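J.: Just passing along the structure, written as structure tokens.
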Amino acid sequence: MELYRPISAEEYAAIEEKKFKGFPHRSAEQPLFTALLSQEGAIQIARRLRVDKQTESDMVYVVGFIAEDAYIRQFPVQHADDPERRALWIPAEEIDILNQHLIGKIRVLDSFEIDRSIGDVFFA
């Protein structure tokens, strides 16, 4: 199944360190890893993402990745107000297992420079 995710420059750097073969562990404040079912939904979030003032970069990226269907289908689809923002919420402790079920590399699909003064916080 193809999934999408908006990521910060810091998460991008961590993925790059892993040679685009896996996602980094989540911080304690991030108990969920959110994977969106549509690229459009990930782009919507990326364009409205608010970046922490302490980060150095104003860049947000949208990545795409493929995970094995048999693994990923155990997570129920979560519905937001917008049909483009349907997502899977994967518990943070599952990141290493998710990484084992990735098919191919994580791909960067788009990037945006964002305005720090506006937007929504995307924690997952």
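J.: How do Leu32, Leu88 line up, fewest other C-beta atoms within 10 Å first?
T.: Listed from fewest to most nearby Cβ atoms, that is Leu32, Leu88.
J.: Measure of size requested: the Rg and Dmax of region 2-113, with Cα atoms as the atom set and Å as the unit; please supply both.
T.: Radius of gyration, then largest Cα-Cα span, for region 2-113: 13.2, 39 Å.
J.: Give the order of Leu102, Leu3 when sorted by the count of other beta carbons within 10 angstrom, beginning with the fewest. It would help to have the intermediate numbers written out before the result.
T.: Details: Leu102 19, Leu3 22.
The order, fewest Cβ neighbours first, is Leu102, Leu3.
J.: Would you mind counting up the charge near Arg26? Only other residues with Cβ under 15 Å from its Cβ, with Lys and Arg at +1 and Asp and Glu at -1.
T.: Neighbourhood net charge equals -4.
J.: Then there is this: Stretched out fully, how many nm does the piece from Ile103 to Glu40 gain, at 0.36 nm a residue minus the Cα gap?
T.: Numbers: separation 63, 0.36 × 63 = 22.68 nm, distance 2.13 nm.
Extending this stretch completely gives an extra 20.5 nm.
J.: Report the gain in length on full extension from Ile95 to Arg73: 0.36 nm times residue separation, minus Cα-Cα distance, nm rounded to one decimal.
T.: Working it through step by step, the gained length comes to 6.4 nm.
J.: Tell me, in nm to one decimal, what length is gained between Glu17 and Phe112 on full extension, where the rule is 0.36 nm per residue of separation less the Cα-Cα distance?
T.: Result: 32.1 nm gained on full extension.
Read-outs: derived from the displayed coordinates by stated rules, not from any lab. If you're wondering where the values come from, they're calculated on a predicted model, not measured in any experiment. In this analysis, Cβ positions are derived from the backbone assuming ideal geometry, glycine residues included, and neighbour counts consider all displayed protein chains.
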